[in-house]
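The structure appears right after this line, and notes come after that.
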Amino acid sequence: MKSLMSFVQYVLIDLGTWCGTSTTRDLKTITRRVEHEGLSFLTITLADFGADFQKSLDTGVVGHDQFMGFSRTGGLPRFLGGFLDHVFDRETGRLLDEPSVAHIHAIRQITLMFAKIGLECTQAREDDAIRRYVECEQEVRESDAKLEAHRLQSFNRISTLLWGDVLSAVDGDVYNGNILPKHGPGATADRLRGNSKWDQREWTQRLDQVFPFGEHLASSWRYFKEYLSDVRILEPGAERPVRVITVPKTLKTPRIIAVEPTCMQYMQQGLMAAIRAAVEADDIASQLVGWSSQMPNQRLACEGSRNGTLATLDLREASDRVSNQHVRSLLRNHSLLAEAVDSCRSRKADVPGHGVIRLAKFASMGSALTFPLEAMVFATIIFVGIERELNRPLRRKDIKSLLGQVRVYGDDIIVPVEYVPAVVSELESFGLKVNESKSFWTGKFRESCGKEYYDGHDVSIVKMRSLFPAHRKNVQEVVSTAEFRNLLYEEGLWKAAGYLDEILGGLIPFPVVLETSPVVGRRSFLGYETQRNCAELHRPLVKGLTLDARIPDSHLEGPGALLKCLVLAESQGRGSDPVFQVSKLPTTDDEHLERSGRPSAVNAKLRWTTPY
């Protein structure tokens, strides 16, 4: 904690120097409250202060219910008063006519820098998050029952208008047997890892009706008889449920994900790839939703902050509130695709402390289909709201006129400001919840996909992702802190970056290198350093820490190995040639049949290598 408080001091000095503001009293306040409240003051209380500040920028005034727990003078908190006085009027709490962008950035950097540290929260907070997951299920059921028929009719008609061509293309892929499944590197509910997934022997009856295991598990019909006696076909009542787990997110709350069974995830990946390809090939759909790049959303957020025409909306518990009814309505005119999606949707979840429950939601985070289908559902509901505001049926030319003004990436939404009330109303009518603290449309502040803007100026900040390392063996913390240091340096917080140089320099050699160097080092606008020259290759060398993320041993042979090679080869063939060539070899690691999966540990080694 001592090193963290010293770091806070240097950040305050840097930002105070930038803005010509004294931070002495601010440091005393932070020090005193950390002594009494611990790390939670930095990660939770300060973050709440930052969220209130952002909402005040949006509304144009500091409300009486904001900045709770901080004493005030006039209309503003005393804490960070030297910065706040350049943004708001102290007497009235109203936004100044020309607030200082530098001071806005400084306040955000101080208050929100620690909000995303990946720490395990208390057991009580984990239990509360699990309880909310179960409560959310009941709320989804209730919202499904309350959904009015005329809204569902509008949803059905507009979804056809938006996605008819896209979903027809994927429906054709299902009909023609063009869905190419694959395994991901992550965990599965049946705890198969690495290459063992290619020898899976569990399938479901629902899957087999659409994706026969003989075509998707057996590498060829030669091995079908062997698989026939070896594969367990599970009846609907005996299907393996998803395994609900918590993973560290912040000290305030964990992230909840659902780990899918291997067979489900296998086919979900194939359908996801087909949907993505169809969306990207469609001139309209590709401009409404996306999941390969966040930059379009970020550009629109910047534009909205500058001219006030576009709003940024954020949804709370977005994935868990998309109901199966929403997705069924989306796919209702595409029977083969609807059956395919339903066949690889898990219907039950094993929730810690609550047992196995039946799911009303389509899927939680963890399903490969969650991200693309939720984006399409959100976009459809947005246009239901726009149609309501226009008070007439939407036409295709209306949708084309709004391209570049409406876009969805996950739960980050961009819509024109004039449609916000109607869109928010429709989202909530469909059982979704708009996160008002992270949604902006009134003032000049906008936030989307990890970037924040005020009046066209980028006021995004550098966030700390882990605590500082105590030993060089804390490899994850060393790497995270080194990256954090480099981002601080590039932002101009040089005293703070210099302090981290001292911390890391006491644990590892920390030379000046370029971003492309394999060495964990510090970046500089002045280039890189040379500690000695290679006698053989006559190139500069530095001594530093390099990382070796060794993929776990996972031997695969026999039919499973053949299946993997054929799937990889076909995947490569589809990506390059119009007609798949079986003779084409997969471009992959030569040891992919010996090693597979996510590295269980990262080894760090000191060695001489290039600084570039």
Total residues in the stretch 1-39, condition crowded, with 18+ Cβ neighbours inside 10 Å, farther than 17 Å from Leu488 by Cβ and touching a residue at least 60 places away in the same chain (Cβ under 8 Å):
2
What number of residues within the stretch 492-513 satisfy the criterion of being out of contact with any Gly (no Cβ under 7 Å at 6 or more places or on another chain) and either without any contact (Cβ under 8 Å) to a residue 40 or more places away in the chain or of a type in the set (Gly, Ala, Ser) (or both)?
10
Free of Cβ contacts under 8 Å to residues at least 24 places away in the same chain and either farther than 30 Å from Leu39 by Cβ or in contact with a Leu (Cβ under 7 Å, 6 or more places away or on another chain) (or both), is that true of Trp221?
yes
Go through the stretch 325-372 and report how many residues are part of a loop (DSSP other than H, G, I, E, B) and not small (Gly, Ala, Ser).
12
Members of the stretch 435-451 found to be out of contact with any helix residue (DSSP H, G or I) (no Cβ under 7 Å at 6 or more places or on another chain) and either surrounded by 20 or more Cβ atoms within 10 Å (Cβ to Cβ) or assigned to a loop (DSSP other than H, G, I, E, B) (or both), listed by number:
Asn435, Ser439, Gly450
Can you find a residue that is without any contact (Cβ under 8 Å) to a residue 40 or more places away in the chain, surrounded by fewer than 16 Cβ atoms within 10 Å (Cβ to Cβ), outside the structural domain of Asp350 (by TED's automatic domain parsing) and within 24 Å of Arg358 (Cβ to Cβ) anywhere in the stretch 196-218?
yes
Mind counting the residues in the stretch 421-434 that are part of a helix (DSSP H, G or I), buried (at least 21 other Cβ atoms within 10 Å of the Cβ) and small (Gly, Ala, Ser)?
0
Filter result for Arg125 (modelled with pLDDT under 95, of a type outside the set (A, V, I, L, M, F, W, C), within 30 Å of Ile357 (Cβ to Cβ) and out of contact with any strand residue (DSSP E or B) (no Cβ under 9 Å at 6 or more places or on another chain))
yes
Given (1) free of Cβ contacts under 8 Å to residues at least 60 places away in the same chain; (2) under 29 Å from Gly184 (Cβ atoms), index of the condition Lys463 fails
(1)
Taking first residues from the stretch 514-537 that are free of Cβ contacts under 8 Å to residues at least 24 places away in the same chain and second residues anywhere that are in a loop (DSSP other than H, G, I, E, B) and aliphatic (A, V, I, L, M), the pairs with Cβ under 8 Å that are 6 or more apart or on different chains are Gly527/Leu514
Taking only pairs six or more apart or across chains, which ones have beta-carbon atoms under 7 Å, a first residue in the stretch 90-112 that is assigned by TED's automatic domain parsing to the domain that holds Val34 and at negative phi, and a second residue that is assigned to a helix (DSSP H, G or I) and among the β-branched types (Val, Ile, Thr)?
Ile110/Val11
Check Thr262 against each of (1) surrounded by fewer than 22 Cβ atoms within 10 Å (Cβ to Cβ); (2) at pLDDT 95 or above and name the one condition it does not meet.
(1)
Does Ile461 meet the test of being modelled with pLDDT of 95 or more, hydrophobic (A, V, I, L, M, F, W, C), in a loop (DSSP other than H, G, I, E, B) and farther than 30 Å from Glu280 by Cβ?
yes
Counted residues in the stretch 85-107 being in a helix (DSSP H, G or I) and either surrounded by fewer than 19 Cβ atoms within 10 Å (Cβ to Cβ) or of a type in the set (Gly, Ala, Ser) (or both) come to 3
If only one of Gly69, Gly74 is under 33 Å from the mean Cα position of the chain (by Cα) and at positive phi, which one is it?
Gly69
Taking the stretch 277-319 and keeping only residues that are touching an Asp or Glu at 6+ places or on another chain (Cβ under 7 Å) and either over 14 Å from Glu447 (Cα atoms) or surrounded by fewer than 16 Cβ atoms within 10 Å (Cβ to Cβ) (or both), one is left with Asp282, Ser286, Ala318, Ser319
Restricting the stretch 229-259 to residues that are acidic (Asp, Glu) and closer than 16 Å to Ser343 by Cβ, the one surrounded by the fewest Cβ atoms within 10 Å (Cβ to Cβ) turns out to be Glu235
One residue is enough: does the stretch 295-307 have a residue meeting the conditions at pLDDT 95 or above and either outside the structural domain of Arg345 (by TED's automatic domain parsing) or among the β-branched types (Val, Ile, Thr) (or both)?
no
For the condition hydrophobic (A, V, I, L, M, F, W, C) and assigned to a helix (DSSP H, G or I), what is the one hit in Val415, Val478?
Val478
Which of the following residues is exposed (fewer than 15 other Cβ atoms within 10 Å of the Cβ) and small (Gly, Ala, Ser): Gly69, Gly75?
Gly69
Give the residues of the stretch 320-363 that are of a type in the set (S, T, N, Q) and crowded, with 22+ Cβ neighbours inside 10 Å, sorted by residue number.
Ser323, Ser346
Suppose we filter Pro185, Pro181 for residues that are in contact (Cβ under 8 Å) with a residue 24 or more places away in the chain and either closer than 22 Å to Ala340 by Cα or crowded, with 19+ Cβ neighbours inside 10 Å (or both); which single one remains?
Pro181
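The values are calculated or read from the model by the stated rules, or taken from the named source; none is laboratory data. Remember, predicted model here, so these are calculated numbers, not experimental data. Neighbour counts are summed over all protein chains in view; Cβ atoms, including those assigned to glycine, are modelled from backbone coordinates with ideal geometry.
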